[in-house]
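A short reminder: the numbers here are calculations on the coordinates, not readings from a lab. Everything quoted here is computed from the prediction, not taken from an experiment. Because the Cβ atoms are built from the backbone with ideal geometry, glycine has one as well, and the counts that use them run over all protein chains shown.
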Amino acid sequence: MKKIIPGIILLLFIWLVTILAMKNPEKISSSGIESLMKIEKLSLKSYRDSGGVLTIGYGHTSKTVRANMTITKKRALELLKQDLKVAEQGVFNSLHVKTSQKQYDSMVSLAYNIGVRRFRTSTLIKYHNKNRFSKTSKEFLKWDKIHGKSYIGLYKRRIDEQKQYDDGSYFIYSLYNLIFVWN
């Protein structure tokens, strides 16, 4: 028994060091970026999104976006990179448990769309940080509204993010459009 206890302690120590050494992702993966770009779609001319917010590039919104504004594809990519940094940092700083790349990517996509402040206070991140991953997954689908009204486009996006979170499937949006006919 005296010989077994030091062995168990050593195993526990190795396990703890391994757990502590695991780092959460800090950057969205290339698959995550690709999926986000397909969902957001590139617009080189500003437009009002479903919520009435002036938007340009890959879903970029800010006070600098003006009506009838145009940008280059290069500028759209710069704005995407800048906006992704904010979303990545917001998600990373909200994590308190080990998180896979697929989970991180899906949460960055959500934060990119709803904003870091709303993400940080969401039930979704609270469930994730309690390792309640099945409840976390269901929370994605609750973010399909603008001003209290559900939008099918947002719902489809949330299904994509949910699939990313659950099993690493990226961008099923187009497949979803083939299966369902929406009025």
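Miscellaneous remarks
- Rg and Dmax over the alpha-carbon atoms of the range 38-119 stand at 13.6, 44 Å.
- When each of 63/102; 85/130; 41/102 is checked by Cα-Cα distance, pairs over 23 Å: 63/102; 85/130
- Rg over Rh [alpha-carbon atoms, Kirkwood Rh] for the range 53-183: 0.98
- Ranked packing of 101-108, 89-96, most packed first, by mean Cβ within 10 Å: 101-108, 89-96
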